[in-house]
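The values are calculated or read from the model by the stated rules, or taken from the named source; none is laboratory data. Everything numeric in this text was worked out from a predicted model, so none of it was measured. Cβ coordinates were reconstructed from backbone atoms using ideal geometry, including for glycine residues, and neighbour counts include every protein chain displayed.
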Amino acid sequence: MRQIANRVFLLLFALAFLTVPLLTLARWKDGPSFYEQRMLTAMPALSADGVWSGDYFTAAEQALSDHVCGRDRILRADTALDLAAGRPKVNNLVVGSDVLLSVNGYSRWSLASLDSQAEAAARRYASLRKLIGSQGGTFYYVGVPLQFTYFSDRYPSYMENRVWHTDAVRAAFSSAMEQEGVPFIDVYSAFAQEGKPDYLYFRTDHHYTFEGAFAAYELLMDRVARENTALSLVPLGREDFDFTTLPNPFLGSSNRRLYHLWKSSDGREDRVEIAVPRQSIPFSREDSGKSSDASVFSLPTDSAGLIGYDVYMGGDRAETVIRTNRPELPSVLIYGDSFTNPLETLLWTDFDETRSLDFRYYSEKTLGDYIRQYRPDVVICVRDESTFLSESGNGAWR
Amino acid sequence: MVFSSLSFLFIFLPLLLAVYFCPLCRSRRSRNGILLAFSLVFYGCGGWRALPLLAASVLINYIFGLLSAPGRPERFRSAACAVGTVCNLGLLFLFKYLGFVTENLARVLPAVHRQSLLLPVGISFFTFQGLSYLADIRRGTAEPERSLLNAALYLSFFPKLTMGPIVRFGDMAQELHRRRETADEAALGLQRFLFGLAKKVLLANQFSRIADAAFAQSPALLSTSMAWLGVIAYTLQIYFDFSGYSDMAIGLGRVFGFHFPENFNYPYIARSVTDFWRRWHISLSTWFRDYLYIPLGGSRVPLGRQILNLLIVWTLTGFWHGASWTFMLWGFYYALLLIGERYLWGGGLRRLPVWTQHLCAMAAVLFGWLIFRASGVPQILSFLKIMFGGAASGALGGQAVYELLEYRWELAAGILAALPVRDALRRRLERRRDSRLCAAILCWGPTALALALGGLAVLRLVESGFNSFIYFQF
């Protein structure tokens with residue numbers, strides 16, 4: 001029997017260790033990884049230097065790891081095992097019973113320089129505000145919490161939620177912006193006053209929900225209209241929109257990292273909501289200078305397919321322009337990271353022309369030059385709390 | 001290239017097996033040639049720049065091995081062996097210790113500048129094999145290898161090339177010329193390989209995450225529990241990392257008909273530090289015993305000299321592991337413990353209950369690994385302070401709770417696998433071999449377990465690129 005067992009073992013071993021390389025080679029395909037949202041590593045070019053130093057073999061190992069046959073299935077199985085094992089952290093996410101959260105390291109650092117950093121950032125925005133003012137516009141900065149901050153109380157007691165840092169950054173930045181006279185809309189504090197209701201943020205994505213975006217929109221537009229009566233803004237209210245919850249399963253950024261395997265203990269699932277004005281407003285849309293479909297939602301073709309946060313505006317775009325041909329209304333420029341996307345699907349209804357920039361992708365002009373060229377009536381910066389003090393990406397406006 | 005890489009598992013190994021067992025290549029010479037060629041490819045995957053050094057080491061040992069062979073005048077043989085030894089040690093010094101020596105000299109002599117060369121993988125292992133080869137020929141306990149192909153294969157055979165075990169020429173010489181590769185041996189070898197892979201990927205790599213987190217944590221944030229957990233995790237990591245590699249090396253050797261000596265024998269069940277070193281990295285400790293301790297006089301010299309011999313041997317054992325003061329300190333620490341056990345408290349220790357002996361030995365080993373893993377003496381002292389209640393962040397931190405919960409399955413499996421549970425289970429099953437179930441488990445159990453663990457290891461390998469071996473740096 002021992003001999004039979006050994007023969008069977010050798011057969012299975014040979015089958016596995018010979019078919020994997022053959023199938024890998026046969027199915028090798030460069031391109032993006034859907035779940036990881038990154039490009040798979042391509043096989044490096046063979047070079048004498050690379051072979052001599054060993055870099056070629058290191059890169060080839062990475063390429064092989066990225067292309068091994070059945071990779072998605074393997075990673076999915078590995079994730080399923082980790083979830084079944086009840087690990088508190090899977091694929092670098094804190095797995096709660098009803099929410100997925102970012103992992104924060106167990107580190108601390110001095111906050112001594114926070115005030116000076118916040119003051120420097122506020123001064124930059126004050127000079128931006130001055131520039132906008134010189135072009136006849138007004139500036140608003142909308143600070144939005146990330147999902148892990150919003151649900152900071154959902155972390156298990158032994159996990160780091162980094163509230164000590166986010167609270168301090170928010171307080172320092174808010175105070176510095178006030179000192180510099182830059183209008184700052186603190187979405188976290190407004191939501192906290194409402195008791196931080198669950199429905200304002202996704203459980204499986206690091207963004208706010210459409211309801212969260214709508215609440216931020218109301219906060220923003222209420223203040224813009226109140227402080228700029230000359231613009232004759234009459235923002236649409238909740239009653240002016242038709243809200244629809246899409247039936248499609250939602251693939252949030254966090255659950256995507258878990259291969260859409262995570263289910264909350266209460267059985268509730270995140271859903272995507274959209275809203276369209278009850279009274280139709282004709283508009284045209286351009287993305288990076290090219291005409292696009294006149295739509296602010298990238299809707300799925302069927303009701304069963306997975307949808308993600310990129311439903312709003314079709315995801316992050318370098319430059320988008322929406323024109324409604326209502327010259328009596330003011331124009332707006334909104335810039336920032338992906339938190340702008342669902343806001344844009346609402347904002348355009350209140351303006352004649354809505355321009356949107358994302359400086360992670362847009363590089364044609366500086367924000368200053370853009371403002372000088374188009375002279376928008378209102379400029380809105382939307383950034384999450386982790387980027388308040390950052391000078392890169394959408395923090396670099398010069 | 002490492003065993004726990006996809007390129008090894010899915011390209012190198014299948015290709016080697018296919019070529020080696022190809023019916024066209026049945027002669028011993030061609031099979032040895034195939035193994036040598038693949039060994040060079042294996043080593044070359046770390047960069048071809050390391051190949052000239054390996055070639056130099058092979059040529060030095062081959063030539064001086066022939067020159068040290070019996071049949072020549074004794075003084076000539078001694079001189080040849082000495083020159084070969086100096087060449088081996090010279091290469092080791094140049095590539096491994098020059099940076100350390102010049103760095104420390106530069107601290108006292110400003111005219112000296114730090115010089116260092118890139119450390120080639122496995123240099124300590126193949127150099128020690130070369131040294132033992134020359135010494136064995138000089139002593140007459142081994143015949144020199146006349147075939148350059150076989151000498152090169154002995155020194156550079158890929159399973160043991162980069163991380164041991166340190167195989168003496170006498171253990172391999174016969175099998176270089178005559179060996180039998182059978183399906184049963186191949187199956188058992190591959191099973192051993194998969195068990196080793198699982199040890200490395202499923203256990204050692206996971207424990208390294210805990211240990212790295214603890215040793216990277218700032219002292220102000222490190223809790224007492226996390227410090228203990230970090231040291232325990234490192235204790236498990238280094239065992240499963242190195243013994244896993246040894247299992248893979250021994251298993252692969254078996255596939256090709258070679259039988260390498262065991263390198264580990266459940267070191268964490270040792271009852272004393274002396275016992276621990278009989279069970280840990282056996283090929284290294286016996287190397288130092290046979291080629292340094294005994295030639296120095298061993299224990300057949302006056303007491304003072306015996307103590308000096310132990311201090312020399314163990315400080316050098318530490319230094320062999322790496323060119324840093326902490327490794328020397330680690331070796332010195334074991335020298336003191338072994339001297340103490342032999343001359344002071346050994347008798348008293350043996351009279352204690354067995355579990356107390358285990359506890360004392362494990363405590364000594366744990367602190368040994370703390371010295372081994374720490375970045376320097378300040379970190380050792382800081383860890384000791386925190387481990388014994390001087391933690392600024394308290395006794396129980398959230399990080400320790402998290403690490404325990406995250407890796408609870410691995411910790412449980414690791415503790416079980418570090419104990420001779422498998423052997424006990426096998427003995428029990430063999431006693432009941434008459435039962436069909438027990439016989440079936442004995443036959444199919446290892447097969448099924450090896451495949452399952454191998455499959456899980458591949459899952460983890462694809463998931464994570466984290467797979468460098470600790471002993472690679474030595």
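One table, with the values for the structure above:
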{"quantity": "Members of the range B:434-448 that are without any contact (Cβ under 8 Å) to a residue 60 or more places away in the chain and outside any loop (DSSP other than H, G, I, E, B)", "calculated": "B:ARG436, B:LEU437, B:CYS438, B:ALA439, B:ALA440, B:ILE441, B:LEU442, B:CYS443, B:TRP444, B:GLY445, B:ALA448"}
{"quantity": "Top-ranked residue in the range A:63-73 [being facing chain B (nearest Cβ under 7 Å) and part of a helix (DSSP H, G or I); ranked as surrounded by the most Cβ atoms within 10 Å (Cβ to Cβ)]", "calculated": "A:LEU64"}
{"quantity": "One residue from B:PHE264, B:PHE276, B:PHE288, B:PHE215 being crowded, with 17+ Cβ neighbours inside 10 Å, under 30 Å from B:GLY170 (Cβ atoms) and in contact (Cβ under 8 Å) with a residue 60 or more places away in the chain", "calculated": "B:PHE276"}
{"quantity": "Single residue of A:ALA48, A:ALA59 found to be within 19 Å of B:MET1 (Cα to Cα), out of contact with any Ser or Thr (no Cβ under 6 Å at 6 or more places or on another chain), within 10 Å of chain B (Cβ to nearest Cβ) and not polar (S, T, N, Q)", "calculated": "A:ALA48"}
{"quantity": "Test: B:VAL401 is touching a Phe, Trp or Tyr at 6+ places or on another chain (Cβ under 9 Å), in the same structural domain as B:PHE195 (by TED's automatic domain parsing) and more than 16 Å from B:TYR239 (Cα to Cα)", "calculated": "yes"}
{"quantity": "Some residue of the range B:9-21 being surrounded by fewer than 16 Cβ atoms within 10 Å (Cβ to Cβ) and either among the β-branched types (Val, Ile, Thr) or farther than 30 Å from B:VAL462 by Cα (or both)", "calculated": "no"}
{"quantity": "Set B:ARG460, B:ARG426: member being within 14 Å of chain A (Cβ to nearest Cβ), within 30 Å of B:LEU190 (Cβ to Cβ), part of a helix (DSSP H, G or I) and in contact (Cβ under 8 Å) with a residue 40 or more places away in the chain", "calculated": "B:ARG460"}
{"quantity": "Hits in the range A:272-322 (condition: surrounded by 14 or more Cβ atoms within 10 Å (Cβ to Cβ), touching a strand residue (DSSP E or B) at 6+ places or on another chain (Cβ under 6 Å) and among the charged types (D, E, K, R))", "calculated": "A:GLU273, A:ARG285, A:GLU286, A:ASP287, A:ARG317, A:GLU319"}
{"quantity": "Any helices (runs of 4 or more DSSP H) falling wholly within the range B:1-91 and containing at least 1 residues that are over 22 Å from the mean Cα position of the chain (by Cα) and away from chain A (no Cβ under 14 Å)", "calculated": "B:28-44, B:51-67"}
{"quantity": "Residue in the range B:466-474 that is within 11 Å of another protein chain (Cβ to nearest Cβ), at pLDDT below 85 and crowded, with 18+ Cβ neighbours inside 10 Å present", "calculated": "yes"}
{"quantity": "A:GLU119 acidic (Asp, Glu) and not in a helix (DSSP H, G or I)", "calculated": "no"}
{"quantity": "Matching residues, the range A:247-276, being aliphatic (A, V, I, L, M) and farther than 29 Å from A:LEU329 by Cβ", "calculated": "A:LEU251, A:LEU258, A:LEU261"}
{"quantity": "Residues (more than 26 Å from A:LEU251 (Cα to Cα) and out of contact with any Phe, Trp or Tyr (no Cβ under 7 Å at 6 or more places or on another chain)) located in the range A:265-284", "calculated": "A:GLN279, A:SER280, A:ILE281, A:PRO282, A:SER284"}
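Let's see how each residue does on (1) in a loop (DSSP other than H, G, I, E, B); (2) in contact (Cβ under 8 Å) with a residue 60 or more places away in the chain; (3) outside the structural domain of A:TYR201 (by TED's automatic domain parsing); (4) surrounded by fewer than 18 Cβ atoms within 10 Å (Cβ to Cβ):
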| residue | (1), (2), (3), (4) |
| --- | --- |
| A:THR41 | yes, no, yes, yes |
| A:ASP49 | no, no, yes, yes |
| A:TYR56 | no, no, yes, no |
| A:LEU75 | no, yes, yes, no |
| A:LEU81 | no, no, yes, yes |
| A:ASN104 | yes, no, yes, yes |
| A:SER107 | yes, no, yes, yes |
